[in-house]
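Structure first, commentary second.
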Amino acid sequence: MVFTNKRLMAVNVHGITGKKRDYTSLPYSKVQAFSVETAGTFDLDAELDLWFSGLGKVRLEFKGQVDVRALSQLVAAYIL
């Protein structure tokens, strides 16, 4: 996943071998709303939900030590 100043680019790897990949480019200009869920004690993954006009909701899940609040501030700076 790559966050640029104009868009979010995501790569989704499919299959056992990982050879099949889906590349998605999502412009910040189409984001209507977003929400953040931080990692907890038992739920160790953080989530960033983005609602795009014409596309709907996109959920990004982050495993490990990711500062999802910093990502939400970055997204807010580009969409507001």
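Can you tell me the relative contact order of the chain? Whole percent, Cα pairs under 8 Å, sequence separation 6 or more.
About 22 percent, as a whole number.
Arranged by the count of other C-beta atoms within 10 angstrom, fewest first, what order do 44, 60, 80 take?
Ordered by Cβ neighbours within 10 Å, fewest first: 80, 44, 60.
If you take P(r) over Cα pairs in 5 Å bins from 0, in percent from the coordinates, which of (1) 3, 10, 17, 15, 13, 12, 11, 10, 7, 2, 0; (2) 3, 14, 24, 24, 18, 12, 5, 1; (3) 3, 12, 13, 13, 15, 23, 17, 5, 0 do you get?
Entry (2).
What whole-number volume per residue, in cubic angstrom, does the convex hull of the C-alpha atoms of segment 4-50 give?
In segment 4-50, the Cα convex hull volume per residue is 107 Å³.
What residues of segment 52-80 lie in the reach of a label at residue 39, counting those whose backbone N is under 12 Å from a point 7 Å from the Cα along Cα→Cβ?
62-69
Contour minus end-to-end for residue 69 and residue 32, with contour as 0.36 nm per residue of separation and end-to-end as the Cα-Cα distance?
11.5 nm
Laboratory data are not the source of any read-out in this text; all were calculated from the coordinates shown. Note that the structure is predicted; figures quoted are calculated from it, not measured. Note that each Cβ is placed from the backbone with ideal geometry, even for glycine, and that neighbours are counted across all protein chains shown.
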